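**Q** Let me give you the structure first, and then I'll get to my questions.
The values are calculated or read from the model by the stated rules, or taken from the named source; none is laboratory data. Computed from a prediction, not measured in an experiment: that's the story for all the values here. All Cβ positions, even for glycine, are placed from backbone atoms using ideal geometry, and neighbour counts span all protein chains on display.
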Amino acid sequence: MIPPDPGPGPVATRREFFRRGLRAGAAIAATGGLGAWLWNRHPPGDFGRTQASDPRKDFAVRAAGPRMAIATGRDRAAMLRRALAAMGGIERFIGRGDRVMLKVNAAFATPAILGATTHPDLVAELARLCRAAGAASVIVTDNPINSPESCFELTGIGAAARASGAGLFVPRQGSFRAGTLPGGRLIRDWPVLDEPFAGVTKLIGVAPVKGHQRAGASMTMKNWYGLLGGRRNQFHQDIDGIIVELAMLVKPTLVVLDGTDSMMTNGPTGGSLADLKATNTLIVATDPVAADACGATLLGKTFRDLPYLVRAGEMGLGTADFESLHPARVPAQAS
Amino acid sequence: MANLCSPFGKPCGVSAAGSLYVLRALDGIATHSGMQHSKARSPGPGERAIAACSLAVLAAVLAGVCIRQTRFDPAVMMSAGVPPAAPAQAMPGLLEKWPAGLSPMSGAEAFSPGTLSDKIDGKADLYLSAGFVSLKDQRVALAGGAGSWMEMLVFDMGLPANAFSVYSSQRRPNAADAGIADYSYEADNELCLVHGNYYVELVCSDSSDPARRAAETVARAYVGATAVAEHANMGAEQALFPPEGLVAGSIALVPSDVFGFDRLKNVFVARYRDGGNEVTLFAANRGAPDEAAKVAAELRGFFVADCGGRETPAPPAPPGAAIFDLGGSFEAVFAAGPYIAGVHQAPDRESAQRWLAVLSRRISGAHP
């Protein structure tokens, strides 16, 4: 409603004019103060200033075709060598001058014998094999939220990387870049590990087989969770959804799934040797979905027990029917 | 409607009328300054257009804010919690004085419900659903242990029952009673105990004898140095389970979503050998007979409506008991006094009926 025209009013005195001016000034100052008080000086990752980039990371070697090998035994390094040989040799995937990243699982500051993290023997052997295949550099990384330096050191991964001539990249706050996954529902304007990928030409994920309280199992696909920064624990509310999106995010050159000892209970942290079962298997594959579907069997499950594997298969992110890849089976006595 | 800025004693909120008041206020100041206008006038078309444009811009901003807020944006949620860096808090050591031969490798850290998953990732749900309050942890080195070390994790679970819940649900199958505090066991490289409302894990980097002895020493030192409120143990509920056939160490307290039914909480369960099979017995004190009967009725409904179960002929005892066939696996439930109890995943109806009778007699004997 438009207010009625007040008509000619009394002329204000000088005192009245200053009084009104003072009130107006106070109101403006109060409004400004309120705005300053409510202003968020630390917006989420300062993402508002930049357009979120496409965070997808594709390092697949399509010319090699889908390949998979399942080795059995107890010696991780020997199983790795045999599995790679059965897939045509590491040279099929790593070439001269490649800059290789090994994405390990270093999520917890626990000793390697507890099986909660990537075993240092695999890190050392993979780094050595990559260098032998002509890789110009190998870096090892993960993003443990709590005490990353302790995680790398107490798991033995840091020492293994140094001993094999690989670099160790410990993320810091500036190592992430806002990314929005095309077609993604959860990874939107989210900090994704970026800095160590500069110049990287090949990516290998290396993870242990573990039961997981929420996801059912933690294997190579869940391992990409370490590429996420920020308060990522909220993704646990849709753990299957985020694992599927991580499979959309990352296309690795290879994945190595270590089921030498599988964490059957109390995963993903474990804590006791009693949580482990000797399953004597190491899986190497170009397809993380196939690798995890095979790894699920070590936990007494099938891919149908893990909704993220079912969804990833339906979305064409890989095949849960790992037998369709005709995996090379490399028994222990073959070495 | 906002009423923030009228020096003329009139509102100047976000409305067409308010805009005109503002224009008139400016007009009044200009008049007083002797710039022009010997008499007041109605706002002109230009002024009305400016007011309308201002309101349109404000409306667009409001609509934009509303649309944006309806979309889940984890990046915005991220800013609402604890700062991403250094979520754990440094604090004094878990023991004022560590036993001889042990030296802290670092200061202790503390985690809240909001940061627990930073430490234990997907296992956080287990603790959060059981009433987790806080976690403090610290690592100590073992002198002469060739690199051996131990991590001590102290979970404050708020109540002794909550602490027993997480303790019992993680008990390892090869655990041996450690004889420390309310409940305790050793399994390979680990010693776990319940002391009042605290659940404590001592995880050694190896399972050597020196490491295990050190864990035991630390456990005793912690219990001796940590006062807890006087509390009753959970012996009364555990005594309801018959000893014959009981799988050792299998009694556990499940805090929530028992058997997938969200109304069934804080239930004691125990596993039993039944020939070549295993069955689970369960019992929970609901405080009053009415409440126990109500939950039992809801559970019966759950078996039929949500699990596709078929009720079989009523067993002879106890009164009001029911047995359901869930496609070859049998569930039984009854209420007795303040207790709801029953049998879970019996291999056949006879087994369910037999265990139902045994459990019913135990409960009647304990609470006639």
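**Q** When you check A:Leu282 against the structure, is it under 12 Å from A:Gly216 (Cα atoms) and of a type outside the set (Val, Ile, Thr), yes or no?
**A** Here the answer is no, as A:Leu282 does not meet what is asked.
**Q** Okay, next question. Filter the range B:188-214 for residues that are out of contact with any strand residue (DSSP E or B) (no Cβ under 7 Å at 6 or more places or on another chain) and either aliphatic (A, V, I, L, M) or within 23 Å of A:Ala116 (Cα to Cα) (or both) and give the result.
**A** The answer is B:Asp188, B:Asp206, B:Ser207, B:Ser208, B:Asp209.
**Q** Checking the conditions here, which among A:Ala112, A:Ala106 is surrounded by fewer than 22 Cβ atoms within 10 Å (Cβ to Cβ) and aliphatic (A, V, I, L, M)?
**A** Going through A:Ala112, A:Ala106 in turn, the sole match is A:Ala112.
**Q** In the range A:172-209, which residue that is in a loop (DSSP other than H, G, I, E, B) and more than 13 Å from chain B (Cβ to nearest Cβ) is nearest to A:Arg96 (Cα to Cα)?
**A** A:Thr201
**Q** Can we say A:Ala132 is among the aliphatic types (A, V, I, L, M) and surrounded by fewer than 21 Cβ atoms within 10 Å (Cβ to Cβ)?
**A** yes
**Q** Can you pull out the residues in the range A:153-171 that are more than 23 Å from A:Ala136 (Cα to Cα) and in a helix (DSSP H, G or I)?
**A** Those that are more than 23 Å from A:Ala136 (Cα to Cα) and in a helix (DSSP H, G or I): A:Glu153, A:Leu154.
**Q** Checking the structure you have, find out if any residue of the range A:274-284 is β-branched (Val, Ile, Thr), assigned to a helix (DSSP H, G or I), in contact (Cβ under 8 Å) with a residue 60 or more places away in the chain and under 23 Å from A:Asp58 (Cβ atoms).
**A** no
**Q** Turning to a different aspect of this structure: Being over 24 Å from the mean Cα position of the chain (by Cα), within 27 Å of A:Ala106 (Cβ to Cβ) and either away from every other protein chain (no Cβ under 11 Å) or in a loop (DSSP other than H, G, I, E, B) (or both) narrows it down to one of B:Val200, B:Val154, B:Val140, so name that one.
**A** So the residue among B:Val200, B:Val154, B:Val140 that is over 24 Å from the mean Cα position of the chain (by Cα), within 27 Å of A:Ala106 (Cβ to Cβ) and either away from every other protein chain (no Cβ under 11 Å) or in a loop (DSSP other than H, G, I, E, B) (or both) is B:Val140.
**Q** Is there any pair linking a residue in the range A:158-182 that is in the same structural domain as A:Leu249 (by TED's automatic domain parsing) and without any contact (Cβ under 8 Å) to a residue 24 or more places away in the chain to one that is assigned to a helix (DSSP H, G or I) and not basic (Lys, Arg), with Cβ under 6 Å and at least six apart or on different chains, and which?
**A** Hits for this filter: A:Gly158/A:Phe152.
**Q** Would you confirm whether any residue within the range B:199-211 is within 30 Å of B:Pro338 (Cβ to Cβ) and in contact (Cβ under 8 Å) with a residue 40 or more places away in the chain?
**A** Yes.
The rows are residues; the columns are (1) more than 14 Å from every other protein chain (Cβ to nearest Cβ); (2) surrounded by fewer than 22 Cβ atoms within 10 Å (Cβ to Cβ).
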residue	(1), (2)
A:Arg96	yes, yes
A:Thr141	yes, no
A:Leu154	no, no
A:Val170	no, yes
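**Q** Name every residue in the range A:50-77 that is in contact with a strand residue (DSSP E or B) (Cβ under 8 Å, 6 or more places away or on another chain) and assigned to a helix (DSSP H, G or I), in order of residue number.
**A** Result: A:Arg76, single match.
**Q** In addition: With the condition kept exactly as written, say whether any residue in the range B:242-252 is in a loop (DSSP other than H, G, I, E, B), under 28 Å from A:Phe108 (Cβ atoms) and assigned by TED's automatic domain parsing to the domain that holds B:Ala296.
**A** The answer is yes; a qualifying residue exists.
**Q** Could you list, in sequence order, all residues of the range B:253-271 that are surrounded by 20 or more Cβ atoms within 10 Å (Cβ to Cβ) and outside any strand (DSSP E or B)?
**A** Hits for the range B:253-271 are B:Pro255, B:Leu264.
**Q** Also, I was wondering about something else. Sort out which residues of the range B:170-197 are in a strand (DSSP E or B), within 22 Å of B:Gly131 (Cα to Cα) and within 9 Å of chain A (Cβ to nearest Cβ), and write them in order of number.
**A** B:Cys192
**Q** Let me spell it out: the conditions are (1) modelled with pLDDT of 90 or more; (2) under 21 Å from the mean Cα position of the chain (by Cα), and B:Gly122 meets all of them except one. Which number is the exception?
**A** Among (1) modelled with pLDDT of 90 or more; (2) under 21 Å from the mean Cα position of the chain (by Cα), B:Gly122 violates only (1).
**Q** Which of the residues belonging to the range A:98-130 are part of a helix (DSSP H, G or I), among the aliphatic types (A, V, I, L, M) and either closer than 14 Å to B:Cys204 by Cα or within 14 Å of chain B (Cβ to nearest Cβ) (or both)?
**A** Within the range A:98-130, A:Ala112, A:Ile113, A:Leu114 qualify.
**Q** Give the residues of the range A:210-226 that are in a loop (DSSP other than H, G, I, E, B), closer than 16 Å to A:Asn266 by Cβ and not small (Gly, Ala, Ser), sorted by residue number.
**A** Selection gives A:Gln213, A:Arg214.
**Q** Now for a different question. Residues of the range B:128-175 being closer than 30 Å to B:Ser103 by Cβ, out of contact with any helix residue (DSSP H, G or I) (no Cβ under 8 Å at 6 or more places or on another chain) and of a type in the set (A, V, I, L, M), which ones?
**A** Across the range B:128-175, the qualifying residues are B:Val133, B:Ala141, B:Ala143, B:Ala146, B:Leu153, B:Ala163.
**Q** Among the residues of the range B:338-359, which ones are buried (at least 19 other Cβ atoms within 10 Å of the Cβ) and within 22 Å of B:Leu326 (Cα to Cα)?
**A** B:Ile340, B:Ala341, B:Gly342, B:Val343, B:His344, B:Ala346, B:Ser351, B:Ala352, B:Gln353, B:Trp355, B:Leu356, B:Leu359, listed by residue number.
**Q** May I pose another question? Of the residues A:Thr265, A:Thr269, only one is within 14 Å of chain B (Cβ to nearest Cβ), part of a loop (DSSP other than H, G, I, E, B) and surrounded by fewer than 24 Cβ atoms within 10 Å (Cβ to Cβ); which?
**A** So the residue among A:Thr265, A:Thr269 that is within 14 Å of chain B (Cβ to nearest Cβ), part of a loop (DSSP other than H, G, I, E, B) and surrounded by fewer than 24 Cβ atoms within 10 Å (Cβ to Cβ) is A:Thr265.
**Q** Tally time: how many residues in the range B:298-315 are without any contact (Cβ under 8 Å) to a residue 24 or more places away in the chain and under 26 Å from B:Ala366 (Cα atoms)?
**A** Qualifying residue count, the range B:298-315: 1.
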